[in-house]
Amino acid sequence: MQTGTVELNPAAQTDKSDHRAGKYLAFQLGQEEFAIQVLKVREIMGVQEITAVPQTPHYVKGVINLRGKVIPVVDLRLKFGLPEAAYTQRTCIIVVQVSHGSGNMLMGIVVDGVSEVITLTAADIEDTPDFGHGVTVPYLLGMAKTKEGVKILLDIDQVLSTQEVHKLEAVLQKSEF
Amino acid sequence: MEALAMQAVLAGDLDRSLNVLQQVESEAARAGHPRLAQEASSLLAQLSQAASGGQGGSPSPWEFISEGVLRLQQALEEAHHGSAVAPAGGPSPAPPEPERPAAESQPLARDPELVRDFVVESREHLANIESSLLALEQDPANAESLHAAFRGFHTIKGLAGFLEFAAIQEVAHEVETLLDLARNQQLSVTPERIDVVLKAADYLKAAIRQVDASLDGRPLEAFADNRNLLWMLRMAATAAAEDSQAAAGAAQPGFDGRPASGPSASAPAAGSAENRAIKVDTEKLDHLVDMVGEMVIAQSMLRHDPDLALNRSPRLQRTLSLLSGITSDVQKTAMGLRMVTIGTLFRRMGRLVRDLARKTGKQVELVTAGEETELDRQIVEELADPIMHMLRNSIDHGIEPPEERTAAGKDPCGRITLAAHHQSGQIVIQISDDGRGLNREKILQRGRERGLVPPGVTPSEAELYNLIFEPGFSTAERVTEVSGRGVGMDVVKKNIVRMRGKVEVASQPGQGTTFTLKLPLTLAIIDGLVVGVGTQRYIIPIYSVVEMLCPSRDSVTTAPEQGEMVLVRGSLLPVIRLNERFGVEARAQHPSEGLLVVAEQEGKRFSVLVDEFIGKQEVVIKSLGPMFRHVRGIAGGAILGDGRVGLILDLEAIFAWKGEA
């Protein structure tokens with residue numbers, strides 16, 4: 001019934017894709033290319049010394065000083081259940097603004113490296129394929145097909161607000177085949 | 001007619017008001033208005049009772065008389081409408097009140113931003129109004145206070161009118177009229193009139209509280225009925241004519257002989273002081289403080305830069321030291337922006353003392369000193385409750401009734417001093433009374449009864465007085481409305497300790513009691529000890545540290561199932577290894593290789609093992625944000641001298657958490 005409606009009303013399809021179209025910042029994490037909306041990005045910095053905070057999940061690396069503000073830093077590799085990697089010259093902290101409750105907060109995410117800013121049109125973006133057995137991942141905005149390959153679009157608000165992210169692990173493993 | 005009666009009451013001339021009322025009664029009876037006659041006669045009875053009872057000690061017969069007069073007025077209105085023939089005695093100066101619907105009608109959509117400004121501004125004005133009125137009560141000829149109060153009501157009226165808060169506007173308008181008459185010396189300033197104006201201020205306060213509550217999205221509740229108040233204000237104002245006649249005849253307290261140039265000279269001065277201050281969003285202020293902190297770090301990095309250190313050019317050195325001087329000046333100024341003077345808090349207490357003194361039938365004078373002492377706004381706000389409790393205590397327990405004071409050869413009017421000053425980076429606030437002092441025997445007896453003082457032990461004076469801060473401790477024989485329930489002083493102490501402060505009490509029998517509060521100037525900055533554990537660095541607030549020591553190998557014992565203990569000057573203290581608590585690698589394998597920080601919580605001492613002591617630093621406390629809300633043992637974060645973040649330890653939480661880990 002759902003598909004039927006979409007076919008009858010192509011405008012709905014465009015509308016749905018439209019809000020996803022725009023500029024994205026692409027970065028690598030393991031073998032994959034991910035991208036988040038540029039609007040969410042405040043700045044990109046090299047890895048600096050992170051102060052560990054006890055009693056936190058392993059993917060929370062700690063806190064850093066962002067020009068006088070103390071902000072938390074999350075290692076996205078660990079958050080997504082990828083093996084831990086040593087930080088290199090290429091490793092970056094992307095400072096993003098995420099909505100938290102009623103307000104916004106700044107947070108750093110550690111990624112393997114930042115590649116480029118890409119502009120995506122609605123036509124470039126496809127819904128995440130259905131992997132069956134009811135695996136739905138709330139923080140996947142969709143997939144982008146570019147010349148260089150497929151990029152996974154993340155809803156960073158969702159990524160950093162969800163406690164359970166291990167579902168992505170399953171998605172990633174399947175997508176590698 | 002009732003205006004005449006009212007004037008008489010206001011002028012304190014009971015005989016005359018009795019006469020007028022008698023006239024009203026007989027006239028009404030003759031003209032056939034039984035209700036009017038009845039009201040007049042009951043008011044007459046009340047008045048003559050007040051007259052025979054003597055007005056002196058009682059809190060003012062004002063309330064019931066004003067009610068009576070209101071009923072009389074209603075009866076009069078009825079008579080007007082009923083027969084269209086006014087009873088003899090002249091027309092009523094107060095026109096009949098139009099009936100107002102019970103609920104304040106919601107006008108057009110109000111801009112919440114404007115309403116919020118209105119609430120903030122009105123509160124400020126009301127606080128000023130209150131202190132001006134109290135000053136005016138002390139010195140009825142104080143034109144400056146009168147002007148200040150007038151201006152306050154005038155502004156509130158304007159704002160309320162703009163936002164269509166009719167009830168607020170009406171009350172403010174009547175007060176304005178009344179105060180204007182006083183300004184033009186057509187009306188003398190009597191304690192009764194000040195009472196009415198204070199009552200109006202209370203009404204406005206309550207109404208503004210309601211407006212404030214409505215900002216959270218709830219519908220605005222109807223304001224309380226203000227008709228009685230409006231009428232009282234009008235009556236107080238219409239007594240003017242009478243007043244000026246009296247003033248012409250005899251010396252009357254008021255603006256006798258005070259030149260008009262006084263007020264006009266003082267008004268602009270006060271006005272410009274108001275204009276010099278601007279309101280700044282605290283977020284902007286925080287940002288400024290953040291950036292200044294970063295600037296200090298950048299400046300220090302520059303100064304210790306190895307490349308620059310090689311350059312021995314005197315010009316460069318001069319520039320660098322100039323930069324460092326300016327930086328520290330800017331930092332001091334930025335930190336000072338959050339500071340406010342304690343005077344605002346002291347002024348708020350004036351009203352409390354006045355009301356309490358009346359309620360307890362005592363005479364109390366509040367003297368303040370050091371109003372210009374500055375401290376963090378947050379502390380000022382949190383100090384209000386503790387100081388209020390202590391003042392209440394002083395008035396209820398400390399200050400004796402006038403007869404007792406006279407018998408003891410003291411001035412019948414008690415004196416409470418509220419003083420503040422800075423001392424070695426702290427603010428010291430003293431609240432002293434010249435009352436009867438603390439009753440040592442009774443405190444000791446209560447302490448023994450409650451098992452706080454073991455039998456056979458004679459506590460020192462300080463220990464004894466500290467008992468009054470124990471929860472539920474009270475020596476009052478009877479529970480009064482004001483105090484004596486034994487709640488309060490323990491809460492006072494808890495609040496002060498939470499602000500990292502101390503409270504001490506000293507007392508001399510028959511001479512009085514002094515409470516001394518010592519508080520940090522700000523809650524935003526702490527003096528911290530920077531310690532290292534493995535590669536991590538932590539900050540321990542100095543106020544929670546008793547001592548630091550390097551234990552010898554044989555002073556450490558390990559009890560089975562319990563853990564390590566260290567013997568420090570004859571007492572055994574548990575050892576908490578910080579690295580184990582926080583899951584980090586430590587260098588010190590044995591306590592003797594590291595450093596023990598001894599702290600105390602609720603009388604229990606314990607020690608925390610760290611690797612090394614790095615230094616002492618003043619740090620700005622920063623919240624770690626919602627993500628780390630559940631982390632135990634961490635009070636916040638701070639930027640260290642090299643720009644890294646250090647975690648501030650909450651030693652008490654670390655100790656309390658021991659059992660669960």
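Any read-out appearing in this document is the output of simple, stated calculations on the displayed coordinates, not a laboratory observation. Not measured: the values here are computed from a predicted model. Note: ideal-geometry Cβ built from the backbone for every residue, glycine included; neighbour counts use all protein chains shown.
Structure values in brief
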{"read-out": "Interchain or long-range residues, amide H under 5 Å from B:L572's placed H", "value": "none"}
{"read-out": "Point-to-point label distance, B:K494-B:R450, nm (Cα→Cβ direction, 7 Å offset)", "value": "1.3 nm"}
{"read-out": "Trypsin sites (Lys or Arg not before Pro) within the range B:579-636: DSSP coil, no more than 14 neighbouring Cβ in 10 Å", "value": "B:R587, B:R629, B:R632"}
{"read-out": "Per-residue mean of C-beta atoms belonging to partner chains within 10 Å, peptide B:616-622", "value": "1"}
{"read-out": "Ranked list, fewest to most other Cβ atoms within 10 Å of each Cβ, for B:L187, B:L323", "value": "B:L323, B:L187"}
{"read-out": "Exceeding the 21 Å Cα-Cα cut-off - candidates B:K493/B:K604; B:K284/B:K622; A:K69/B:K494; A:K23/A:K147", "value": "A:K69/B:K494"}
{"read-out": "Cα centroid separation, the range B:547-576 to the range B:375-398 (Å)", "value": "41 Å"}
{"read-out": "Cα shape, the range B:340-520, gyration tensor, a/c 1.5 rule", "value": "oblate"}
{"read-out": "Cα-based equivalent ellipsoid, the range A:62-102: semi-axes from gyration tensor eigenvalues, Å", "value": "21, 15, 9"}
{"read-out": "Extended-chain gain in nm, criterion 0.36 nm per residue less alpha-carbon gap, B:E283 and B:A309", "value": "5.6 nm"}
{"read-out": "B:N439-B:E371 pseudo-label distance in nm [points 7 Å out on the Cα-to-Cβ vector]", "value": "3.6 nm"}
{"read-out": "Burial ordering of B:M232, B:M301, A:M107, B:M335, fewest other beta-carbon atoms within 10 Å first", "value": "B:M301, B:M335, A:M107, B:M232"}
{"read-out": "Efficiency of FRET between B:Q317 and B:A166 - r from beta-carbon atoms, R0 51 angstrom, step 0.05", "value": "0.15"}
{"read-out": "Added length on full extension, which subtracts the Cα-Cα distance from 0.36 nm per residue, B:E618 to B:H590", "value": "7.1 nm"}
{"read-out": "Shielding by other protein chains, B:526-536, mean Cβ within 10 Å", "value": "1"}
{"read-out": "Cα gyration tensor of the range B:282-338 - equivalent ellipsoid semi-axes, whole Å, descending", "value": "27, 11, 5"}
{"read-out": "Sorted by Cβ density within 10 Å, fewest first, the residues B:S432, B:S544", "value": "B:S544, B:S432"}
{"read-out": "Cross-link reach list, lysines versus B:K362, counting only Cα pairs under 17 Å and skipping chain neighbours closer than eight places", "value": "B:K410"}
{"read-out": "Residues of type lysines that B:K359 reaches as a straight line, Cα spacing below 16 Å, ignoring anything fewer than 8 places off in the same chain", "value": "B:K199"}
{"read-out": "Descending semi-axes in Å of the range B:524-661, equivalent ellipsoid built from Cα gyration tensor", "value": "25, 16, 14"}
{"read-out": "Highest average packing first - B:138-145, B:561-568, Cβ atoms within 10 Å", "value": "B:138-145, B:561-568"}
{"read-out": "Interatomic Cα distance distribution for the range B:296-386, bins of 10 angstrom, percent", "value": "13, 26, 18, 14, 13, 9, 5, 2"}
{"read-out": "Exercise: per-residue mean of other protein chain Cβ atoms within 10 Å, B:626-633", "value": "4"}
